[in-house]
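Values in this text are rule-based calculations from the coordinates and carry no lab data. As the structure is a computational prediction, the values presented were derived from the model and not from experiment. All Cβ positions, glycine included, derive from the backbone under ideal geometry; neighbour counts span all protein chains shown.
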Amino acid sequence: MPPVLRWSGTDLICPPRRDGTCVRDYLHVLDLAAGHQLALEALTSEAGIFNDPTGARYKAYNLGRGKGFSVLQIVQAMREATGFDYQYEIVGRRRGDVPDLTADPALAEKELGFKATQDLDVMCRDLWNFQSKNPEGYGKLE
């Protein structure tokens, strides 16, 4: 019998996704790396966006797509990426689960020029390609 995916909650109403599952803002690792690179470049630039009157050189940015995907959307995208028809079972919601965690990358876009470019299909495809080639993950550290 193939493994069954299990996740919590169907009582969450998350407009515009009303399938009842949690919505999260997933980001491709290459987009995340690009956002970090842009922040490092801004830190060393003369743009002055990190200059604070107190002398501190820090700032917080949300790196994300600004658009969330529901658990059911992720399952469907992984089905397409892998060719497997995953079975799933929805179980009760976990205590503390919030319906929607979506980043607001507006400040990162305005000040750093950050814009996520990889869509959900590419994220799932690349995840599956990595996992297929590295079934043990990164391996053991020697």
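For segment 87-142, trypsin sites (Lys or Arg not before Pro) are listed when DSSP marks them as loop and at most 16 other Cβ atoms sit within 10 Å of their Cβ; the list is Arg94, Arg95, Lys115, Lys140. Scanning residues 5 or more positions from Phe69 or on other chains, those with amide H under 5 Å from its amide H are Arg24, Asp25, Tyr26, with H placed 1.01 Å from N in the peptide plane. The lysines whose alpha-carbon is closer than 21 Å to the alpha-carbon of Lys67, local same-chain residues fewer than 8 away aside, are Lys110, Lys115. Put a plus charge on the Cβ of each Lys and Arg, a minus charge on the Cβ of each Asp and Glu, and nothing anywhere else: the dipole of segment 43-142 about its Cα centre is then about 180 debye. What separates the Cα centres of segment 52-90 and segment 27-50 is a distance of 19 Å.
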